[in-house]
1. So if I check each of A66, A75, A43, which one is surrounded by fewer than 16 Cβ atoms within 10 Å (Cβ to Cβ) and either over 29 Å from C98 (Cα atoms) or modelled with pLDDT of 95 or more (or both)?
2. Does F49 qualify as being in contact (Cβ under 8 Å) with a residue 24 or more places away in the chain, of a type in the set (F, W, Y), part of a helix (DSSP H, G or I) and not assigned by TED's automatic domain parsing to the domain that holds T113?
3. Determine whether A103 is more than 30 Å from H30 (Cα to Cα), of a type in the set (G, A, S), touching an Asp or Glu at 6+ places or on another chain (Cβ under 6 Å) and at pLDDT 95 or above.
4. What do you reckon, is Q200 over 20 Å from A119 (Cα atoms) and polar (S, T, N, Q)?
5. Select from segment 159-196 the residues that are of a type in the set (A, V, I, L, M) and closer than 30 Å to N67 by Cα and list them in ascending order.
6. Can you name the residue in segment 166-177 that is in contact (Cβ under 8 Å) with a residue 12 or more places away in the chain and touching a helix residue (DSSP H, G or I) at 6+ places or on another chain (Cβ under 6 Å) and is also surrounded by the most Cβ atoms within 10 Å (Cβ to Cβ) among such residues?
7. With respect to the numbered conditions (1) outside the structural domain of I185 (by TED's automatic domain parsing); (2) within 18 Å of the chain's Cα centre (by Cα); (3) part of a helix (DSSP H, G or I), which one is the sole condition not fulfilled by H93?
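The values are calculated or read from the model by the stated rules, or taken from the named source; none is laboratory data. All values reported here derive from a predicted model rather than from experimental measurement. Don't worry about glycine lacking a Cβ; one is built from the backbone with ideal geometry, like all the others, and counts go over all protein chains shown.
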Amino acid sequence: MRAFILSALFLTCPLGAWAQSSAGIDPQSHSRLPLIMRDQLDAEGQRVFDAINGPGLTKPRLGPPANSLYAVAPAEPFDRLNQLLRKTVAGSHYFELCTLVAAREYDQQYEWTGHEVAAQRAGVAQNIIDTVKFNRALDGLPEKDATVIQYGRDLLRKHKADLSLYNKMVELFGRQGMMELTMTIGDYVMTAVLLNAVDQQLPPDRKPLLPLAAGK
């Protein structure tokens, strides 16, 4: 009977609300770490707070900006690297595709949900997004999209990219583009690890877009 009740609750409770009920989650940050407000920091910490969150805010933005403030010194270069990679010569389409590959491999709901929307805005077709989301084969995808997805999958699953795949990345994106997309994958792996460590949840009003059991 108890198992039946639990199963019924899981089926009827929205995923975001179910996740939000996890033990140890702060109601403001939606993670294991309480928010650090600007006035809790010293002068240097406040400077970093402003650099990451923007001037005039007293409460940090949720997700990586809020959590990274627990390590103020690396928080600023962590954010700065992300901002630089958003300007990759490969373009926002492939930047966002790399973020999705990393989020999918680490089952990172918060990261995925934000970047699926961003990928749509950057012109990534839904069938390409769904290929990553549901771990589908790459048949029929445009060459650049298929190459980026395979490259990310191989780096994160095999921990290497063979020479032919590496050469294809350089051919399609140039050496600078290849390196920037590689760094983007690494940056969002680091972000996924950070968010997983603190069990970052979506706010209750945001619909989760990543089915964590899909393709896993």
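1. Being surrounded by fewer than 16 Cβ atoms within 10 Å (Cβ to Cβ) and either over 29 Å from C98 (Cα atoms) or modelled with pLDDT of 95 or more (or both) holds for just one of A66, A75, A43, which is A43.
2. no
3. Numbers: more than 30 Å from H30 (Cα to Cα): no; of a type in the set (G, A, S): yes; touching an Asp or Glu at 6+ places or on another chain (Cβ under 6 Å): yes; at pLDDT 95 or above: yes.
Judged against the criteria, A103 is not a match.
4. Yes, satisfied.
5. We begin by selecting, within segment 159-196, every residue of a type in the set (A, V, I, L, M); these are 161, 163, 165, 169-170, 172, 178-179, 181, 183, 185, 189-190, 192-195.
M178, M179, L181, M183, I185, V189, M190, A192, V193, L194, L195 - these are the residues of segment 159-196 that are of a type in the set (A, V, I, L, M) and closer than 30 Å to N67 by Cα.
6. It comes out as M169.
7. The single condition H93 does not satisfy is (1).
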